[in-house]
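The values are calculated or read from the model by the stated rules, or taken from the named source; none is laboratory data. This structure is a prediction, so every number in the text was calculated from the model and none was measured. As a convention, Cβ positions derive from the backbone with ideal geometry for all residues, glycine included, and neighbour counts pool all protein chains shown. The accessibility values were calculated without ligands, DNA or RNA, using every heavy atom of the protein model including side chains. Shrake-Rupley method; radii C 1.70, N 1.55, O 1.52, S 1.80 Å.
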Amino acid sequence: MRKLLGLFLVVLLALSLVSTLAVAEEEIVFGYISPGPDTWYLRAEEGFKWACEKLGVECISVNSNRDSNTEYSNIEYLINEGVAGIGTLSFNESGVVSCATMTQEAGIGCVVIDACGAVIKAGVDHTASVDFDWAAMGETYANYMAETYPGENYVILTGTFDSVACQVINESMQAKSEELGQNKCVDLRAGEYNPNVAADVAEDLVNADLDFSIIFVMNEDMAAAVITRLEDMGVLDQYHVIAQNGSPVGVSYFGHGLDFTTATSPGWEGAIAAFALYDGLYNGAEINKAVMCPFVAVTEENKEDPYTVIPWEPNDEVFTELTIEYFPEYAEYLQ
């Protein structure tokens, strides 16, 4: 009986090795679609490519430059190139749904990033949705304002109105602040993820007949420009600026205009997206999987900790340790 069991285990191991070698010997190519030239998008792409290198997978990347027609053409191009799967971070909801639909029809994998469950809600089968908990993040800002600046009103300087992540944060923040009853949102405008535009919008808001002292800015590149503009206007000390991302730029502004932010590493998120794509295609992971990356509230006290304020650019040590900690199912890809 033991001999039969031993023989069975040997055969099973041999089959496993054959299967592994077959995947290893196959030339696997992933596609990646970036929505524009912003720093966040660039770092997410770098993270995706970092993970592809760990996986031994080739990556073809394209950029849609915030144009829907270009985005559609990019999806077609990658499908025609014969990629095994596509990772996409779109600038709007229709972009990720289109990619998931087209890849499903082509019979290849698809991981959508920062889509806030849009593809899952649309009922389109895809490999995975990789996100941060944007709704919880919006509530985090509302809680911080209520605890730190009770009775003070705020404005939202969002990224773009068509970004699903921006929509979710804005709505969640406003709903929670209404529930808490401590802070009121008196205006909502878009900075277009452009620091110069954001600074101009902030100046307009300051000059408008509005009662507010808190400015929420959707990313820290814009927040840095807003802080500089407020300083040039001689009114920085009259406002509290809070932001989002935990970028190297943002962290450097603590103690110089920035009061609070949350750390969300696009580089690590991009890496997790590549691992999720591979896991679904070659390791039998369930489809339509929702994969949530953690975010952390950042203050002056923890701003220097790389395991809290996770680097945006690929960092072998940090990315590897955090992936093993939060996503142990992907640990084998990092050996």
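Would you check if ASP162 is assigned to a loop (DSSP other than H, G, I, E, B), open to solvent by 10 Å² or more (accessible area, probe 1.4 Å) and within 30 Å of ASP209 (Cα to Cα)? Spelling it out, ASP162 is indeed assigned to a loop (DSSP other than H, G, I, E, B), open to solvent by 10 Å² or more (accessible area, probe 1.4 Å) and within 30 Å of ASP209 (Cα to Cα). Residues that are modelled with pLDDT of 95 or more, in contact with a Gly (Cβ under 8 Å, 6 or more places away or on another chain) and either in a helix (DSSP H, G or I) or open to solvent by 30 Å² or more (accessible area, probe 1.4 Å) (or both) do not occur anywhere in segment 7-27.
Contact annotation: residue pairs with Cβ atoms under 6 Å, 6 or more positions apart or on different chains, pairing a residue in segment 181-208 that is closer than 22 Å to ALA146 by Cα with a partner that is among the polar types (S, T, N, Q) and part of a helix (DSSP H, G or I), are ASN183/SER177; CYS185/GLN174. Taking ALA243, is it among the aliphatic types (A, V, I, L, M), open to solvent by 10 Å² or more (accessible area, probe 1.4 Å) and closer than 25 Å to PRO195 by Cα? No.
Contact annotation: residue pairs with Cβ atoms under 7 Å, 6 or more positions apart or on different chains, pairing a residue in segment 54-79 that is acidic (Asp, Glu) and open to solvent by less than 30 Å² (accessible area, probe 1.4 Å) with a partner that is assigned to a loop (DSSP other than H, G, I, E, B) and modelled with pLDDT of 95 or more, are GLU71/SER64.
Given the structure, is ILE214 open to solvent by less than 30 Å² (accessible area, probe 1.4 Å), closer than 25 Å to CYS116 by Cβ and not small (Gly, Ala, Ser)?
yes
Suppose the filter is basic (Lys, Arg) and within 21 Å of PHE295 (Cβ to Cβ); does ARG43 pass it?
Judged against the criteria, ARG43 is a match.
Just one of the numbered conditions (1) modelled with pLDDT of 95 or more; (2) within 23 Å of the chain's Cα centre (by Cα); (3) open to solvent by less than 20 Å² (accessible area, probe 1.4 Å) is not true of LEU281: (3).
Of the residues making up segment 191-229, those that are among the aromatic types (Phe, Trp, Tyr) and at negative phi number 2. Filtered by the rule that a residue be among the small types (Gly, Ala, Ser) and in contact with a Leu (Cβ under 8 Å, 6 or more places away or on another chain), segment 30-88 gives GLY31, SER34, ALA44, ALA84, GLY85, GLY87. I'd like the full set of residues that are in contact with a helix residue (DSSP H, G or I) (Cβ under 6 Å, 6 or more places away or on another chain), part of a loop (DSSP other than H, G, I, E, B), open to solvent by less than 20 Å² (accessible area, probe 1.4 Å) and of a type outside the set (Val, Ile, Thr), limited to segment 115-154. Scanning segment 115-154 gives ALA115, HIS126.
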